[in-house]
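Read the structure below first, then the notes.
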Amino acid sequence: MPAAFLRDLLAHAPNAALLARWPALGLPHAWLVAGCLFQPVWNRQAGRPAGEGVRDHDLFYFDPSDLSEAGERAAQARADALCADLGITVEVANQARVHLWYEAHFGRPCPELQSAEDGIRRFLVLETCVGVRPGACHAPYGLDGLAAGTLTPNPLTPYPELFAAKTDSYLRRWPHLRRT
C-alpha cells in the first residue's frame, strides 16, 4: 500500500479504529471501501481535516453461503455493536447478494458478483475503486488517478447520467478535481 495513501486514510481516526478491530468484525473476505478512503485523500489535497464530510464507513464482504437479508442484518448488527463507541455510521453489505436488490434500488441491472473485489471494481468512478484491510489494498485501477484528482467513468458501470451526478457532487466539494 503506498505510504501517502496509507497516511491519508489513517489520518481519519475511524479508519484506523476499524482496521484495528478488523478481526473482531468476523466478516468473510471483507474490505473497508468507498468514501471513507478517498475523501481523506481529497480533503488533504484541499487543506481540510481528513474526516470532513465522511458520512459513513462501508464494509463489503462476500458470503455466498448466506444470501438472506437476515444474514446481512446480523453482520450489520455485529459491526454496529463493535463500533458503537466510535460515533460513526458503518454500512455492511454482502456483495454475494447485491444482484438480488441492485436493480430495484438503482434502476439498473447488476450481474451476480463473484467476490467482494468484484463489487469494488464496479464503483461509478474508477479512482474510487479501492478497498483496504489490514496489510492489504485492493485498487484494481491503481491509485495514481486518486492522487491526481481525476474522475474517470467506469466502463463496467456505463451509466453517464449517474456518473455525472456523482462527479458533480464531488466537484462541488473538491473543486480541484477534474473529469477525464
Say we look at segment 18-39 and pick out the residues that are more than 16 Å from the chain's Cα centre (by Cα) and in a helix (DSSP H, G or I); which of these is farthest from VAL132 (Cα to Cα)?
ALA24
Residues of segment 54-74 that turn out to be within 9 Å of the chain's Cα centre (by Cα) and either among the aliphatic types (A, V, I, L, M) or in a loop (DSSP other than H, G, I, E, B) (or both), as a count:
1
Give the residues of segment 91-109 that are surrounded by fewer than 16 Cβ atoms within 10 Å (Cβ to Cβ) and either among the polar types (S, T, N, Q) or in a helix (DSSP H, G or I) (or both), sorted by residue number.
HIS99, LEU100, TRP101, GLU103, ALA104, HIS105, PHE106
Just checking, does segment 139-157 include any residue being out of contact with any Lys or Arg (no Cβ under 7 Å at 6 or more places or on another chain) and among the β-branched types (Val, Ile, Thr)?
yes
Quick one: how many residues across segment 47-63 are touching a residue at least 60 places away in the same chain (Cβ under 8 Å) and out of contact with any Phe, Trp or Tyr (no Cβ under 9 Å at 6 or more places or on another chain)?
1
Assuming GLY51 fulfils every condition listed in (1) surrounded by fewer than 19 Cβ atoms within 10 Å (Cβ to Cβ); (2) of a type in the set (Gly, Ala, Ser); (3) assigned to a helix (DSSP H, G or I) apart from one, which condition is it?
(3)
Whichever residue in segment 130-180 is of a type in the set (Lys, Arg) and closer than 15 Å to GLY35 by Cβ and, among such residues, is nearest to the chain's Cα centre (by Cα)
LYS166
Yes or no: ALA84 modelled with pLDDT of 95 or more and over 20 Å from LEU162 (Cβ atoms)?
yes
Please specify each residue of segment 110-134 satisfying the condition of being part of a strand (DSSP E or B) and more than 18 Å from ALA30 (Cβ to Cβ).
VAL125
Could you tell me which of the residues ARG108, ARG172 is among the charged types (D, E, K, R) and in contact (Cβ under 8 Å) with a residue 12 or more places away in the chain?
ARG108
Result of the Cβ filter at 7 Å on segment 64-84, keeping first residues that are in contact (Cβ under 8 Å) with a residue 24 or more places away in the chain and surrounded by 13 or more Cβ atoms within 10 Å (Cβ to Cβ) and partners that are part of a helix (DSSP H, G or I) and of a type in the set (Lys, Arg), at least 6 apart or interchain, is LEU67/ARG97; GLU72/ARG97
Quick test of your reading of the structure: ARG44 fulfils all but one of (1) without any contact (Cβ under 8 Å) to a residue 12 or more places away in the chain; (2) among the charged types (D, E, K, R); (3) surrounded by 15 or more Cβ atoms within 10 Å (Cβ to Cβ). Name the failing condition by number.
(1)
Of all the residues that make up segment 135-180, how many are assigned to a loop (DSSP other than H, G, I, E, B) and over 16 Å from PHE106 (Cβ atoms)?
14
Confirm whether ASP144 is more than 22 Å from ARG55 (Cα to Cα), among the acidic types (Asp, Glu) and touching a residue at least 12 places away in the same chain (Cβ under 8 Å).
no
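The values are calculated or read from the model by the stated rules, or taken from the named source; none is laboratory data. Quantities reported herein were computed from a predicted structural model and do not represent experimental measurements. Note that we place each Cβ from the backbone using ideal geometry, even for glycine, and neighbour counts take in every protein chain shown.
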